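The values are calculated or read from the model by the stated rules, or taken from the named source; none is laboratory data. This structure is a prediction, so every number in the text was calculated from the model and none was measured. Positions of Cβ are backbone-derived with ideal geometry, glycine not excepted, and every protein chain shown enters the neighbour counts. Accessible surface areas use protein heavy atoms only, side chains included; no ligands, DNA or RNA. Shrake-Rupley method; radii C 1.70, N 1.55, O 1.52, S 1.80 Å.
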Amino acid sequence: MATTNKEPEIITDKNQMRKWSRAIRSQGMTIGLVPTMGYLHEGHLSLINESHKRANVTVVSIYVNPGQFSPSEDLSTYPSDFHGDLLKLMALPGGVDVVFHPRDLYDYKTTTTSSNVNKDIIDEKGGRVVSCVEERGAGHETWVRVEKFEKGLCGKSRPVFFRGVATVVAKLFNIVDPDFAFFGKKDYQQLRIVQRMTRDLDFAVEVIGSEIKRDSDGLALSSRNVHLSPEEREKALSINRSLFRAKSTIEKGQVNCKELRDSVIQAISEAGGKIDYAEIVDQESLEAVEEIKSPVVFCIAAWFGKVRLIDNMEINV
Ligand SMILES: Nc1ncnc2c1ncn2[C@@H]1O[C@H](COP(=O)(O)OP(=O)(O)OP(=O)(O)O)[C@@H](O)[C@H]1O
Ligand SMILES: CC(C)(CO)[C@@H](O)C(=O)[O-]
Ligand code: BAL
């Protein structure tokens with residue numbers, strides 16, 4: 001277990017990463033992996049702390065995955081600050097052992113290119129959708145899809161998103177070969193998708209979900225928060241406030257999901273947010289429920305200006 005502040009080893013090459021993992025494993029040590037897209041905040045650091053509790057060594061990956069962005073999304077403006085991330089990791093008690101920072105996980109060092117447009121992915125308007133990987137013609141053709149879980153919630157407005165997440169997480173699992181992997185519950189659907197993929201494809205990895213970290217005013221920490229103006233940030237508080245209100249209404253006996261959703265949609269819209277979805281779903285199956293009888297999660301995605309935020313609240317009745 002890491003105990004002192006230390007400078008992590010930075011590995012950019014996947015073969016070197018694999019070599020490092022094999023050497024660690026041959027010494028009988030366990031590996032915890034925290035996959036991130038960088039621009040680290042306390043939410044990420046809490047996942048690292050969870051890894052310290054369980055694993056002998058911790059690897060943080062920092063990689064903004066083009067496979068989960070469609071060309072119309074915010075890949076080019078996704079915030080990054082690799083140097084700042086390293087400073088945060090070094091200031092963290094226990095630090096991390098390795099930062100895996102690959103340049104391009106879809107570069108196979110071949111000259112083969114292909115226009116492998118995946119014709120299966122159709123967006124809500126009936127248009128064909130590709131990710132930034134296919135747009136670059138990188139020749140990558142293999143995608144992991146968790147078919148039911150990827151459809152609802154974020155999958156509706158981001159049709160290539162979960163296919164890209166499942167694929168890059170599978171790649172990271174194959175390269176890093178961790179015993180444990182840590183994901184935040186802020187990205188609830190993502191967590192369930194990774195857990196299902198891990199089960200279905202027999203990865204020998206224990207996938208652990210970690211609680212949502214919030215700012216002192218309740219806003220869920222997110223790298224994209226940096227793009228909010230102060231006014232937009234204030235408006236965005238309507239998300240967490242309405243979720244907390246819904247939770248207490250449910251605890252007082254409200255079970256009707258339509259009424260709960262309507263009131264949250266109204267509060268966020270009145271604050272100036274544009275709702276993408278507000279759904280109450282079963283915690284395990286992610287299927288929408290009409291009446292609350294078992295553990296649910298209330299999931300929200302909404303736009304404030306150009307920033308799309310997500311948040312959710314588990315409600316255990
Ligand atoms: N507030 C948070 N609390 C706990 N975990 C979090 C939080 N925010 C992100 N994570 C987790 O950190 C991991 C890496 O997420 P990522 O790097 O995409 O950061 P992010 O803040 O979610 O970015 P964004 O929301 O802008 O996409 C994911 O497992 C994610 O769920
Ligand atoms: C899991 C992940 C690192 C895959 O790119 C990303 O979706 C994220 O940061 O949540
Ligand atoms: N944390 C989710 C990564 C994304 O929005 O692409």
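Filtered by the rule that a residue be touching a strand residue (DSSP E or B) at 6+ places or on another chain (Cβ under 6 Å), within 8 Å of ligand 2 (Cβ to nearest atom) and assigned to a helix (DSSP H, G or I), segment 170-192 gives a lone residue, Leu172. Residue-level analysis places Ala278 outside the set of residues that are within 16 Å of ligand 1 (Cβ to nearest atom) and modelled with pLDDT of 95 or more.
The single condition among (1) touching a residue at least 12 places away in the same chain (Cβ under 8 Å); (2) exposed (fewer than 13 other Cβ atoms within 10 Å of the Cβ) that Val57 does not meet is (2).
Just one of the numbered conditions (1) within 13 Å of ligand 1 (Cβ to nearest atom); (2) more than 27 Å from Gln190 (Cβ to Cβ) is not true of Thr36: (2). Gln195 meets all of the listed conditions (1) polar (S, T, N, Q); (2) more than 9 Å from ligand 1 (Cβ to nearest atom); (3) surrounded by fewer than 20 Cβ atoms within 10 Å (Cβ to Cβ) but one, namely (3). Leu286 meets all of the listed conditions (1) modelled with pLDDT of 95 or more; (2) open to solvent by 50 Å² or more (accessible area, probe 1.4 Å); (3) part of a loop (DSSP other than H, G, I, E, B); (4) aliphatic (A, V, I, L, M) but one, namely (2). What about Glu234, is it within 23 Å of the chain's Cα centre (by Cα), open to solvent by 40 Å² or more (accessible area, probe 1.4 Å) and more than 23 Å from Gly152 (Cβ to Cβ)? In short, no.
The set of residues in segment 25-43 that are open to solvent by 20 Å² or more (accessible area, probe 1.4 Å) and within 19 Å of Val205 (Cα to Cα) comprises Arg25, Ser26, Gln27, Gly28, Met29, Thr30, Pro35. Applying a threshold of 6 Å to beta carbon distances and a minimum spacing of six or more residues, or different chains, the list of pairs starting in segment 61-72 at a residue that is assigned by TED's automatic domain parsing to the domain that holds Ile121 and ending at one that is among the charged types (D, E, K, R) and surrounded by fewer than 21 Cβ atoms within 10 Å (Cβ to Cβ) reads Pro71/Glu135.
For segment 48-75, a tally of residues being within 14 Å of ligand 1 (Cβ to nearest atom), out of contact with any Lys or Arg (no Cβ under 9 Å at 6 or more places or on another chain), in a helix (DSSP H, G or I) and over 12 Å from Gly94 (Cβ atoms) returns 1.
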